[in-house]
Amino acid sequence: MTSTRPKSLTFQELILRLQTFWAQRGCVLQQPYDVEVGAGTMAPETFLRVLGPTPYKVAYVQPSRRPADGRYGENPNRLFKHMQLQVILKPPPENIQELYLESLGAIGIDLHQHDIKFEEDNWESPTLGAWGIGWQVMLDGLEITQFTYFQQCGGVDLDPISVELTYGLERIGAFLQDVDSIYDIVWARDPESGHEVKYGDVRLADELQFSVYNFELADVASAWKHFELCEAECKGLIDQYAAHRKAPAEAGSWDKNRFPLLGAYDLCLKCSHMFNILDARGAISVTERVGVIARVRALAVGIAKAWVDQHQDEPAPAEASPVAKKSKQETAPVS
Amino acid sequence: MPDFLLEIGTEEIPARMIQTAAAELEKRIHDLLVRERLPAAEAVSGFDTPRRLAVIAPGIPAAQPDITEQLTGPSLSVAFKNGEPTPAAHAFAKKAGVEISQLERVTTPKGEYLAAKVTKKGRSSAEILAEALPKEIAFIYWPKNMYWRKPSERFVRPVRWLVALLDDQVVPLEFDGVRAGNTSRGHRLLGEASVRISRPGTYVEELYAAKVMGRDVRKMLIAEQLSLTARLANGFLRQDDSLLDTVTDLTEFPTVILGDFDPEFLSLPEEVLVTVMRDHQKYFAVEDAQHKLMPHFLAVLNTEGDREGIIRHGNARVLRARFNDARFFWQTDQKRSLLDRVGLLKNVTFQKDLGSYYEKTIRVQRLCSWLSEIVRQNNIAVRPGVVHKAALLAKTDLTTELVKEFTELQGIVGGLYAREQELDSELPAATRLAIADVIYDHYKPESMEDSVPRSLEGAVLSVGDKADTIAGMFALGLVPSGSKDPFALRRQANAIVKTIAEHKLPFRLTELVQDARAEYAGSPAEKKFGNKDFASATGSFFRERLEFYLRDTLGFKYDVVNAVLAAGAENVVDAVARAEAVTKVRPSPDFESLSVAFKRVKNILRQAQESKKQIAAAPDSNLLQEAAEKELAGQIPLTAKAVEALRAGQEYEPALLEISRLRPVVDKFFDQVMVMVEDEKVRANRLSLLQTLLKEFSTIADFSEIVTEGPKESSN
């Protein structure tokens, strides 16, 4: 080794540092969700947790699959599957922006040597019936994070509001290591031998093979069948929940908390993934497209409504919403 | 008199919203102070950055002035019985807050009454401001609002601090749980997290010390640094005013840096490079003395400097990746020619009910063939083949990777590719180039400031493409209303009007949109057409657009525009010519007087119709009695014939002068002839004469719409 310059963080150190940072600020460290999703937002740890009154703080890495974005591993900046570090703070603390900037310090970015801007970028997911207001955070001209105040999810107005921070891990990794291709990012470095494993070593085959699958070989007929099976079952579950709630007497000793809305949500995620594969295969015509998105949204909205209903009796924990409580105390003497 | 300061501290406000909101807040506070009788000694001024909106009002009264008013009480006869005050007198004294002995007496026409002088104490400005400002803040209009916690106010972004000072005293106001104080915040990285503001007068300096500059200072500084920095690379800044505004509203303490990119990228078209820099990275481009792009960029930072070049390095890295992408897309796109892409348009939605871009392409192609034919019939040289081919290929760039990535380059990319791919080798090179230019230009003009397509063929395609969109949307009932115009139909109609006017195209507006509507016949889209008012809705829509064009773009006076459009709003070129003629003739005394006469004619006819008076179908010369009416009746056909000849040749100014020569005859008629006489036949005949006058001479403009200054009787 000739260089005396300290090595920048490896990809896995980057993840570890961010996780440690948020764990130290009270977040539950979750593991990636084990059903295919297009974004960290779709994992139930975001989609379902932001609903209802219960405060929650969570951080997790979420590999996110977007079949149409695949480039056979040939484009240095684009991936079929990229990784997001997702942080949900419900409700957000008042100093949320400062906290976020501190997290950049934790991964070795000295902000005094950089240019940082919060530029308007609102987020919307028609498939999830979700939207929020926020920014893309620009570091020296590079978008490194999506910062969103969720307003609605599954068509439900949120109360309390959650903040979602989505760090683009590959972009940040390439930035820290100053490499031009994602595949050149050092993923791990053996502390003893100094042997480096690159992002390409870990993931290139993944990108190539899934591009071939998603663009060329995925069976359109069976993908449609999968879609329809999952949709029908999901819809059936949502209807069943609604029917029980409408006629509780007939349901007898039915316990609403046992009802597997989480199972229904998995089915909805599978529909969304099948839609993405069909889209990448060019199997969805113009006229169908809007309609299919609406079908997935109907499932997401149905589940969100049911979920809110299922959890409505949950008491908000005592430590709930420090911000709201504080302001109540402050405002009392004035009025 | 204390100075007043309000600062609303927020998380970063979207750049595009800051200016309007800052102006609104300034106006709200100015109006509030006037309304509350607390006017500032000097003009109220604003100070804004992405993280704050502030207003300073210098020298406002510490309190409202007291108001003394006289209250009138009961009459003396009621107030006193036998010299003793009655309960009514006691009650009045109590209400006025004085002893009975202090009450005054006033004499009114109705008799003597008790009265009292009451002084209403003015409230303190601190009290008024604390009470009123939270509402003013909450009422600021934002294109998009949010909640950051609940229950709470809505605002553009979370409000994190407030400063409200009257000199050094905090005004105790509160907005959404945030209490005002005297602590502001400096620049995120360069300044102190909390900055004490001593008083409004020192606010700007104290913030400057905390590395926060006001907008004017930032804008000037950025503009100056951009020019100077470009010179460092022996180049010149490529001016971009809207980008300058954006970066000004993204920074609190700006610095400009110069970066480079690999000159190899200059092989990509400038349009692509500049779009990537401007729209995606907010960089300014650098050009040489011949306006050719140079391999540099200028980035505006929100920090003090970049001594070690770290930031420049980072920005250059991002730009390299973007340019690499663009080059990759450019090369990938060449694998499939535009001609081969026509079929792919079946998979691109134009509008969910109007079908795909393929269907649009076919419709527009047919429509444009017809439009070319109209142009040709009017003896204007046009190349229908060029229009036809360009219409076929115009939308194909929507299937290219480059446009999918940089949507704002639609049309331009198609034009560039058409040039590159040499299309059909059987066509002469000049024709191929003409087709490429037509595709390149066909979205133009994108605003009223933008230029229209360069060629006549480009103008035809631009008009046809937009007419197709407007016709489809209106037929579906997706009509713009108020501030809602999600498909930018007004902008597209404005573009049609401007293009027709500048290229002097012979299209009539409602015929154009009806022809476009006809192309949908038999399509699946047509089954969804539910708008029964299509004709009247498009008619009034285009009339408004033409009115807007004449008034706001060309600057004609509103009454001239009304007069001209009343005589026809179909033919754009003709309407412009008539407006020009009316504007020229209007100052002449004959014309003024004639327009007064025409108003009178209109009134007489309206009243006659309202009172159900009969009007003869045509004037009968046998019923003419007075010399003046005989003269008028004799003159009308002569003038009409002369005017008609001039009008047919579109010689509007001489035509109007001809009409204005009627003035003495018309004046004499009104001086000497009574229209509403008892004799029914004579009256009907005279009314008919006036109707003929109005009808014959309102074909260029309706003179009665012209606003005249009226009789000059006022002394000043």
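The values are calculated or read from the model by the stated rules, or taken from the named source; none is laboratory data. Small disclaimer: the values here were computed from a predicted structure and weren't measured. Cβ sites come from the backbone with ideal geometry, for glycine too, and all protein chains shown count toward neighbours.
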Checklist entry - Only one of (1) touching a Pro at 6+ places or on another chain (Cβ under 6 Å); (2) within 30 Å of A:ILE182 (Cα to Cα) is not met by B:LEU416, so which one is it? => result (2)
Next on the checklist: I need every pair where a residue in the range B:165-191 that is within 13 Å of another protein chain (Cβ to nearest Cβ) and under 21 Å from B:THR49 (Cβ atoms) has its Cβ under 7 Å from the Cβ of a residue that is among the β-branched types (Val, Ile, Thr) and surrounded by fewer than 19 Cβ atoms within 10 Å (Cβ to Cβ), sequence separation at least 6 or different chains.
Outcome noted: B:ALA180/B:VAL170; B:GLY181/B:VAL170
Checklist entry - Can you find even one residue in the range B:291-302 that is modelled with pLDDT under 95 and crowded, with 18+ Cβ neighbours inside 10 Å? => result no
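Here are B:PRO506, B:PRO453: which of them is outside any helix (DSSP H, G or I) and in contact with a strand residue (DSSP E or B) (Cβ under 9 Å, 6 or more places away or on another chain)?
On the way: B:PRO453 fails: in contact with a strand residue (DSSP E or B) (Cβ under 9 Å, 6 or more places away or on another chain).
Going through B:PRO506, B:PRO453 in turn, the sole match is B:PRO506.
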Checklist entry - For the range B:614-639, what are the residues that are touching a residue at least 40 places away in the same chain (Cβ under 8 Å), surrounded by fewer than 16 Cβ atoms within 10 Å (Cβ to Cβ) and either of a type outside the set (Asp, Glu) or not assigned by TED's automatic domain parsing to the domain that holds B:ILE700 (or both)? => result B:GLN614, B:ALA617, B:ALA618, B:GLN625, B:ALA627
Item to check | Hits in the range B:523-549 - residues which are touching a helix residue (DSSP H, G or I) at 6+ places or on another chain (Cβ under 8 Å) and surrounded by fewer than 13 Cβ atoms within 10 Å (Cβ to Cβ) | outcome: B:GLY530
Checklist entry - Assuming B:ASP279 fulfils every condition listed in (1) within 17 Å of B:LEU243 (Cα to Cα); (2) within 7 Å of chain A (Cβ to nearest Cβ) apart from one, which condition is it? => result (2)
Item to check | Filter result (more than 10 Å from every other protein chain (Cβ to nearest Cβ) and more than 15 Å from A:THR145 (Cα to Cα)) within the range A:107-126 | outcome: A:GLY108, A:GLU124, A:SER125, A:PRO126
Next on the checklist: Which of the numbered conditions does B:GLY83 fail, given that it passes all the others? Conditions: (1) at positive phi; (2) touching a residue at least 40 places away in the same chain (Cβ under 8 Å); (3) not acidic (Asp, Glu).
Outcome noted: (2)
Item to check | Residue check for A:GLN329: modelled with pLDDT of 90 or more and of a type in the set (S, T, N, Q) | outcome: no
Next on the checklist: Out of the residues in the range B:406-452 meeting the condition of being of a type in the set (D, E, K, R) and in contact with a Ser or Thr (Cβ under 8 Å, 6 or more places away or on another chain), tell me which one is surrounded by the most Cβ atoms within 10 Å (Cβ to Cβ).
Outcome noted: B:ASP441
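Each row is one residue, and each column tells you yes or no for (1) away from every other protein chain (no Cβ under 13 Å); (2) surrounded by 21 or more Cβ atoms within 10 Å (Cβ to Cβ).
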| position | (1), (2) |
| --- | --- |
| B:VAL286 | yes, yes |
| B:ILE310 | no, no |
| B:ARG341 | yes, no |
| B:VAL364 | yes, yes |
Item to check | Number of the condition not met by A:ARG171 [criteria: (1) within 13 Å of chain B (Cβ to nearest Cβ); (2) of a type in the set (D, E, K, R); (3) touching a residue at least 40 places away in the same chain (Cβ under 8 Å)] | outcome: (3)
Next on the checklist: I'd like the full set of residues that are free of Cβ contacts under 8 Å to residues at least 24 places away in the same chain and basic (Lys, Arg), limited to the range A:212-257.
Outcome noted: A:LYS225, A:LYS246
Checklist entry - Which one of B:ARG154, B:ARG149 is touching a Pro at 6+ places or on another chain (Cβ under 6 Å) and closer than 30 Å to B:GLU12 by Cα? => result B:ARG149
Checklist entry - How many residues are away from every other protein chain (no Cβ under 12 Å) and either β-branched (Val, Ile, Thr) or closer than 25 Å to B:ARG51 by Cβ (or both) when one looks only at the range A:66-101? => result 3
Next on the checklist: Need the failing condition index for B:ASP552 against (1) in contact (Cβ under 8 Å) with a residue 40 or more places away in the chain; (2) in contact with a helix residue (DSSP H, G or I) (Cβ under 9 Å, 6 or more places away or on another chain), just the number.
Outcome noted: (2)
Checklist entry - Do you know which of the residues in the range B:111-122 that are touching a residue at least 40 places away in the same chain (Cβ under 8 Å) and either closer than 19 Å to B:ALA15 by Cα or surrounded by fewer than 16 Cβ atoms within 10 Å (Cβ to Cβ) (or both) is nearest to the other protein chains (Cβ to nearest Cβ)? => result B:LYS121
Item to check | One residue from B:ARG376, B:ARG383 being among the basic types (Lys, Arg) and without any contact (Cβ under 8 Å) to a residue 60 or more places away in the chain | outcome: B:ARG376
Next on the checklist: Against the definition (in contact with a Leu (Cβ under 9 Å, 6 or more places away or on another chain), aliphatic (A, V, I, L, M), at pLDDT below 95 and assigned to a strand (DSSP E or B)), how does B:VAL163 come out, yes or no?
Outcome noted: no
Item to check | Criterion (farther than 22 Å from B:LEU344 by Cα and of a type in the set (A, V, I, L, M)) met by exactly one of B:VAL413, B:VAL452, B:VAL438 | outcome: B:VAL452
Checklist entry - Got at least one residue in the range A:155-165 being β-branched (Val, Ile, Thr) and either surrounded by fewer than 19 Cβ atoms within 10 Å (Cβ to Cβ) or not assigned by TED's automatic domain parsing to the domain that holds A:ASP34 (or both)? => result yes
Checklist entry - What is the one condition in (1) more than 26 Å from the chain's Cα centre (by Cα); (2) closer than 22 Å to A:GLU36 by Cα; (3) exposed (fewer than 13 other Cβ atoms within 10 Å of the Cβ) that A:GLY282 does not satisfy? => result (1)
Item to check | Residue that is farthest from B:THR183 (Cα to Cα), among those in the range B:8-36 that are away from chain A (no Cβ under 14 Å) and surrounded by 21 or more Cβ atoms within 10 Å (Cβ to Cβ) | outcome: B:LEU33
Item to check | The listed residue being in contact with a Leu (Cβ under 6 Å, 6 or more places away or on another chain) and surrounded by fewer than 19 Cβ atoms within 10 Å (Cβ to Cβ), out of A:LEU85, A:LEU111 | outcome: A:LEU111
Checklist outcome for this item: Scanning the range B:319-339 for residues that are small (Gly, Ala, Ser) and more than 9 Å from chain A (Cβ to nearest Cβ), the one surrounded by the fewest Cβ atoms within 10 Å (Cβ to Cβ) turns out to be B:SER337
Next on the checklist: What's the number of the only condition in (1) within 17 Å of B:ASP397 (Cα to Cα); (2) within 11 Å of chain A (Cβ to nearest Cβ); (3) charged (D, E, K, R) that B:GLU271 fails to meet?
Outcome noted: (2)
Checklist entry - Got a sec? Which helices (runs of 4 or more DSSP H) wholly within the range B:599-716 have at least 1 residues that are on the phi < 0 side of the Ramachandran plot and of a type in the set (Gly, Ala, Ser)? => result B:627-648, B:652-660, B:680-696
